[in-house]
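Read-outs throughout are calculated quantities, based only on the coordinates presented, and are distinct from any laboratory measurement. Computed from a predicted model, the values in this text were never measured in an experiment. Neighbour counts are summed over all protein chains in view; Cβ atoms, including those assigned to glycine, are modelled from backbone coordinates with ideal geometry.
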Amino acid sequence: MKSDTLKSFIVDAASGTHSRRDLLKTAAALGIGATAATGLLTQIESVKAAGQLEVFSWWTSEGEHPALVALFDAFTKSNPDVKIIDAGVAGGGGGPAQAVLQTRLQGNQPPDSWQSHPGHELIDGYVNAGYCEPISDLYASEGWSKAIPQGLIDQCTSEGEQYLIPVGVHRGNDLFYNKEVIAAAGVTIGESMTAEEFKTALDAVKASGKVGLALGDKDGFVPAQTFENHLLGMLGPDKYKDLFGGTGDWTTDEVKAVVTSYGELLGYINDDHSALAWSDATAMIIEGKAAFNTMGDWSYGEFVAKDVVDKMGYVSYPGSKGSFVLVVDGFTKPKGAPDPENTIAWLKTVGTVEAQAAFNPLKGSIPARTDVPMDSFSDYHKWSAASFAGDSLVPSAAHGLATTPAFKQAFYDAAIAFVTDKDADVFVQTLADAQAADKA
Ligand code: GAL
């Protein structure tokens, strides 16, 4: 009986709807002394003030998750009483997570912050739909306007207001390889690779009895990303931007030739590709079952987590040297966040030099801030940072930066179907139709 009345007192106190005076009166009636009751109330209030922070992401892989935890650790340092809820939904590229998030947002149940790419994904998918609040005041108060390159800020901006704090910049057009596997196949790789050298290398690896190109297209983004890299390698950054930017023509012979050549590349993949996630394909090259994998440099995060950095080599996807495919990650401020003060504290943390210095070495990306000291970063990170500073920057379509969500979906569908049907005409027509629908 006594514990029941105590319980209802605690519930009343935690509800926040009763004044302290009333609560103390209730406590007295229950026989709880004033000192004990005041102590209890103070404890309840401090738990309420600390509250929770629910962070929604798809960073669940062996390389991604420790990087997210590094951000949590940075947050906890300055907010030790806030309970973090790690709302991760597995599935590389975020397809499954984004579906869950849409349902939550439509049902008015946002987390305290979610992971998003800037560009179209952020603006069309979340800002225009009314799900985000601007964070322009934080850009000013935290000095982000000066620390983050203007090009990135522009991708986080709609009608003059910023809506995302970027934490890291991934390079999407990488080709990773296992040094021992290519050496055993008699292949040597220099600073870059041409398409012809790549084909010769794939043939040599195949002849050596290993898989040439590891592919894990259980994750829907993988065929799209492989294709965008191939397209960039063959046509260069300007035509890439025209096509995904909505002004290029998908039905030309030139584009069809890219698709056909992409189909030939798929002749070198593993048979079990559709059962594997991107990280399984990365594991194939780590374990020496395959020679090459084209992926964004979150794969580098897997190398770090598995302590195999020295075994692995990297070049730009063949033909794409001089370009940097942008896959930028950041966090939002939801409208109606359950704990808005914690959201702000989280965004402030994510935007600091310290958090970005802790996160990016594990994630494989480079910091979004340009003032993070890079001396202790890996050679790979320095290579990527030099490319970011000097190369043509092109937004990834496979990761939602370059196109509308509707076009991205059509791109995924076309690229997934093409892995099996290899029908170049259907592929380009699907993209041409999606482009026309965007303009309608
Ligand atoms: C991207 C994201 C990366 C990485 C990758 C694979 O969309 O930007 O950070 O997580 O998916 O899951």
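Restricting attention to helices (runs of 4 or more DSSP H) lying wholly within region 369-440, give those where 3 or more residues are among the polar types (S, T, N, Q).
On the way: elements: 379-390, 405-421, 424-439.
Helices (runs of 4 or more DSSP H) meeting the threshold: 424-439.
Yes or no, residue by residue, for (1) in contact (Cβ under 8 Å) with a residue 60 or more places away in the chain; (2) within 16 Å of the ligand (Cβ to nearest atom); (3) surrounded by 21 or more Cβ atoms within 10 Å (Cβ to Cβ):
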site	(1), (2), (3)
Pro80	no, no, no
Gly88	no, yes, no
Ala97	no, yes, yes
Gly107	no, no, no
Glu121	yes, yes, yes
Ile135	yes, no, yes
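Ala345 meets the conditions (1) closer than 22 Å to Gln52 by Cβ; (2) part of a strand (DSSP E or B) in every case but one. The failed one is (2). What tally of residues in region 58-73 results from selecting those that are surrounded by 17 or more Cβ atoms within 10 Å (Cβ to Cβ) and either near the ligand (Cβ under 9 Å from one of its atoms) or part of a loop (DSSP other than H, G, I, E, B) (or both)? Of the residues in that region, 6 qualify. Note on region 417-432: residues that are within 16 Å of Asn229 (Cβ to Cβ) and β-branched (Val, Ile, Thr) amount to 1.
I need the full set of residues from region 109-119 which are more than 16 Å from the ligand (Cβ to nearest atom) and either among the charged types (D, E, K, R) or crowded, with 19+ Cβ neighbours inside 10 Å (or both), in order please.
Selection gives Pro110, Pro111, Asp112.
Of the residues making up region 344-378, those that are more than 23 Å from Leu393 (Cβ to Cβ) and not β-branched (Val, Ile, Thr) are Ala345, Trp346, Leu347, Lys348, Glu354, Ala355, Ala358, Leu362, Asp375, Ser376. Counting only helices (runs of 4 or more DSSP H) that fall entirely inside region 127-198 and contain at least 3 residues that are small (Gly, Ala, Ser), the qualifying elements are 136-141.
Does Thr294 count as more than 12 Å from the ligand (Cβ to nearest atom), touching a residue at least 12 places away in the same chain (Cβ under 8 Å) and closer than 30 Å to Glu133 by Cα? Criteria not met by Thr294. Just one of (1) surrounded by fewer than 24 Cβ atoms within 10 Å (Cβ to Cβ); (2) within 20 Å of Ala398 (Cα to Cα) fails for Asp253. It is (2).
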